[in-house]
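Colleague: I have a structure I would like to understand better, so I am pasting it below and will then ask my questions one at a time.
The values are calculated or read from the model by the stated rules, or taken from the named source; none is laboratory data. The model shown is predicted, which means the values in this text are computed figures rather than measured ones. Backbone-built Cβ (ideal geometry, glycine too); neighbour counts: all protein chains shown.
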Amino acid sequence: MPVVALKPYEFAAADTQDKFHGSQLLYIGWEDHLMFCAPFALPFPPTMPFGAIQEQVIPGAFGYHPDCAKIDWSKAEWFKSGKPWKPDPGKSLAENGLKHKDVIRFRTPGLTGIKGSCA
């Protein structure tokens, strides 16, 4: 049954970028790895190189999954807001077009979770 709001919602968002002390939230998810059921929301400065996400952030956030050590970043497929996307590891998050509360996901061909279970 559809629901219709009787009045518009009128309130200021509590998680605007100005509340993150120069950082912006970025949601990062790993396709075919449901051990992580939803993307992680992490704060980063817009000037941070995208390559630092691959080298430093992902091993810390997803490293306890056995597939993490096997990732071949040259074969990784990236998605931004559900659409294929090719980030430049040498450019900053801002230069890669990433803004506050954007969602990115990556797929690692050949790695589909524990024994191919997507877990």
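Colleague: Taking only pairs six or more apart or across chains, which ones have beta-carbon atoms under 8 Å, a first residue in segment 20-31 that is under 16 Å from Ala94 (Cα atoms), and a second residue that is assigned to a helix (DSSP H, G or I) and among the small types (Gly, Ala, Ser)?
Modeller: Pairs found: Ile28/Ala61.
Colleague: Going through Lys75, Lys115 one at a time, which residue ends up being free of Cβ contacts under 8 Å to residues at least 60 places away in the same chain and in contact with a Gly (Cβ under 8 Å, 6 or more places away or on another chain)?
Modeller: Just one listed residue meets the conditions, Lys75.
Colleague: Given segment 1-115, what strands (runs of 3 or more DSSP E) lie entirely inside it while holding 1 or more residues that are within 15 Å of the chain's Cα centre (by Cα), surrounded by fewer than 11 Cβ atoms within 10 Å (Cβ to Cβ) and at pLDDT 95 or above?
Modeller: In segment 1-115, the matching strands (runs of 3 or more DSSP E) lie at 83-85.
Colleague: Please name all residue pairs, on different chains or six or more residues apart, with Cβ atoms under 6 Å, provided the first residue is in segment 81-95 and is on the phi < 0 side of the Ramachandran plot and the second residue is outside any loop (DSSP other than H, G, I, E, B) and exposed (fewer than 13 other Cβ atoms within 10 Å of the Cβ).
Modeller: Here the result reads none, with nothing in segment 81-95 linked to a residue that is outside any loop (DSSP other than H, G, I, E, B) and exposed (fewer than 13 other Cβ atoms within 10 Å of the Cβ).
Colleague: What's the number of the only condition in (1) out of contact with any Cys (no Cβ under 8 Å at 6 or more places or on another chain); (2) without any contact (Cβ under 8 Å) to a residue 60 or more places away in the chain; (3) under 30 Å from Ser117 (Cα atoms) that Pro59 fails to meet?
Modeller: Of everything listed in (1) out of contact with any Cys (no Cβ under 8 Å at 6 or more places or on another chain); (2) without any contact (Cβ under 8 Å) to a residue 60 or more places away in the chain; (3) under 30 Å from Ser117 (Cα atoms), Pro59 misses just condition (1).
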